[in-house]
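Okay, so here's the structure we're looking at.
We did not get these values from a lab; they are worked out from the coordinates using the rules stated. None of the values given here were measured: they were computed from a predicted structure. Reconstructed Cβ throughout: ideal geometry from the backbone, glycine too, with neighbour counts over all protein chains shown.
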Amino acid sequence: MSSSVLFMSMSLDGYIAGPNDGPDNPGGDGGAVERLHAWGYTSAGELRRSGPAGEMAAAMEATGAVVAGRRTAEQVGHWGGAHHGMPVFVASHRPPGPAAANHPLVTYVTDGIASAMAKAKAAAGGRDVMVHGAYTAQRALEAGVLDEMQIHQIPVLLGAGRRLFDVLPTRVELEVVQVLDTPDATHIRYRVRR
């Protein structure tokens, strides 16, 4: 059975991007995104394929579909039309803009996060669904359709920027499934308790 899994790198103080993160400044000011994702990339900018980072990359690439928010999808140019070759379902309150028409594997879902997740799980063929975006993760938790979180906790305090869990409607209990500690990041996988 397919699970929905949020994959996210985060600073110790809860930030996933630096200040002034936006379409014209993806990741925000100060190189925060580069710092948060350095654990998973070589100096040449390629995904690490060995060790703990390689395990994390393999888990992400084993997913069968992606659910992302509109802001995230548009900031990264819809991942060029497919995230690691998998279909992308964009949860949005509005129909897609013209740029999305160039990407047949990108589907905008305007009738809610639960619908987007159901469509992604159907398309994933039994594999997990990768979830991207802070707002999308918060709405998926609220709707009860986020199953797990793979948080890559980076040993840095950013002090400002965009937080992953800025607004939650209620307390959410989690179960620790796996902890993998490295000098670059502590990778913690949580299951959402229902």
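Number of residues in the stretch 163-189 that are more than 15 Å from G40 (Cα to Cα), part of a strand (DSSP E or B) and out of contact with any Phe, Trp or Tyr (no Cβ under 8 Å at 6 or more places or on another chain): the value is 3. Scanning the stretch 87-116 for residues being aliphatic (A, V, I, L, M) and within 21 Å of A143 (Cβ to Cβ) gives a total of 7.
Being touching a Leu at 6+ places or on another chain (Cβ under 8 Å), in contact (Cβ under 8 Å) with a residue 40 or more places away in the chain and under 29 Å from P87 (Cα atoms) is the requirement here; does E148 meet it?
The answer is yes for E148.
On the stretch given as the stretch 72-91, residues that are farther than 13 Å from V131 by Cα and crowded, with 20+ Cβ neighbours inside 10 Å total 1.
Applying the set (1) farther than 26 Å from D184 by Cα; (2) part of a helix (DSSP H, G or I) to A137 leaves exactly one unmet item: (1). When you scan the stretch 140-162, how many residues do you find that are surrounded by 19 or more Cβ atoms within 10 Å (Cβ to Cβ), among the charged types (D, E, K, R) and assigned to a helix (DSSP H, G or I)? Result for the stretch 140-162: 0.
Residues in the stretch 36-56 that are surrounded by fewer than 18 Cβ atoms within 10 Å (Cβ to Cβ), of a type outside the set (F, W, Y) and either outside any helix (DSSP H, G or I) or touching a strand residue (DSSP E or B) at 6+ places or on another chain (Cβ under 7 Å) (or both): H37, T42, S43, A44, G45, E46, L47, R48, R49, S50.
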